[in-house]
1. Among the candidates 5, 60, 38, single out the residue that is in contact with a helix residue (DSSP H, G or I) (Cβ under 9 Å, 6 or more places away or on another chain) and either in a strand (DSSP E or B) or in the same structural domain as residue 112 (by TED's automatic domain parsing) (or both).
2. Of the residues 167, 218, which is more than 30 Å from residue 87 (Cβ to Cβ), in contact with a helix residue (DSSP H, G or I) (Cβ under 6 Å, 6 or more places away or on another chain), surrounded by fewer than 17 Cβ atoms within 10 Å (Cβ to Cβ) and not assigned by TED's automatic domain parsing to the domain that holds residue 51?
3. Restricting to the stretch 201-215, name every residue that is surrounded by fewer than 22 Cβ atoms within 10 Å (Cβ to Cβ) and in a helix (DSSP H, G or I).
4. Looking only at residues in the stretch 134-145 that are surrounded by fewer than 20 Cβ atoms within 10 Å (Cβ to Cβ) and in contact with a strand residue (DSSP E or B) (Cβ under 6 Å, 6 or more places away or on another chain), which one is nearest to residue 189 (Cα to Cα)?
5. Give me a count of the residues in the stretch 105-123 that are over 17 Å from residue 195 (Cβ atoms) and out of contact with any helix residue (DSSP H, G or I) (no Cβ under 6 Å at 6 or more places or on another chain).
6. Please indicate, with yes or no, whether at least one residue in the stretch 16-24 is out of contact with any helix residue (DSSP H, G or I) (no Cβ under 8 Å at 6 or more places or on another chain) and more than 30 Å from residue 135 (Cα to Cα).
């Protein structure tokens, strides 16, 4: 069994991978990442190898690896790095190492699922969009603020707009929080629709990340919803 960790900008997702099967564990916010919590979650595990995807804070990664070394002496810990090419994917960035490891691993994961062109959208703290052509060549991508980050920016950079936290009916709104909820949701959907309009008609759309279920319901096109693309790619890279 291998232990897989995806340390993102807001959360830690982890899973156990065995015989090409991934079993997700409990998701932790950054504030919940403490040595005590991690030991409680992992003390019964006996991993052979550990793989980590990290775009979060270095201090949190240090907390995590210290706990691992305490629990499992001499364990092999691999912190994944972005490659120029691997697993039938060719990195399209001008400086390949600058492509986020989470984006790279998600591309590796979807490339194992189809040889058609793909568009991968990670709907997390930031919304990232990446496109692969049929040959597995990365065509580039886009980054914008995610739903919560957009709402937070409005609340902290205006005098009268509140921080909208609740969900509302979708459509034109007649009160401010609902207007913010729908405005940020439609902005995310518009970004995705605009990118897809520019791709070949056989492009397969994949959505992942915490807000993917919310956004996916508002897209008027076929798509595949995957909760753990980064972990899937990490499992492949670790093998």
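1. Exactly one of 5, 60, 38 is in contact with a helix residue (DSSP H, G or I) (Cβ under 9 Å, 6 or more places away or on another chain) and either in a strand (DSSP E or B) or in the same structural domain as residue 112 (by TED's automatic domain parsing) (or both), namely 5.
2. One residue alone meets the criteria, 218.
3. 212, 213, 214
4. Here the answer is 144.
5. Of the residues in the stretch 105-123, 5 are over 17 Å from residue 195 (Cβ atoms) and out of contact with any helix residue (DSSP H, G or I) (no Cβ under 6 Å at 6 or more places or on another chain).
6. Yes: the stretch 16-24 contains one or more residues that are out of contact with any helix residue (DSSP H, G or I) (no Cβ under 8 Å at 6 or more places or on another chain) and more than 30 Å from residue 135 (Cα to Cα).
Here is a yes/no grid of residues against (1) under 20 Å from residue 12 (Cα atoms); (2) part of a loop (DSSP other than H, G, I, E, B):
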| residue | (1), (2) |
| --- | --- |
| 67 | yes, no |
| 78 | yes, no |
| 94 | no, yes |
| 105 | yes, no |
| 129 | no, no |
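The values are calculated or read from the model by the stated rules, or taken from the named source; none is laboratory data. Computed from a predicted model, the values in this text were never measured in an experiment. When we count neighbours, we look across all protein chains shown, and the Cβ atoms used for this are built from the backbone with ideal geometry, even at glycine.
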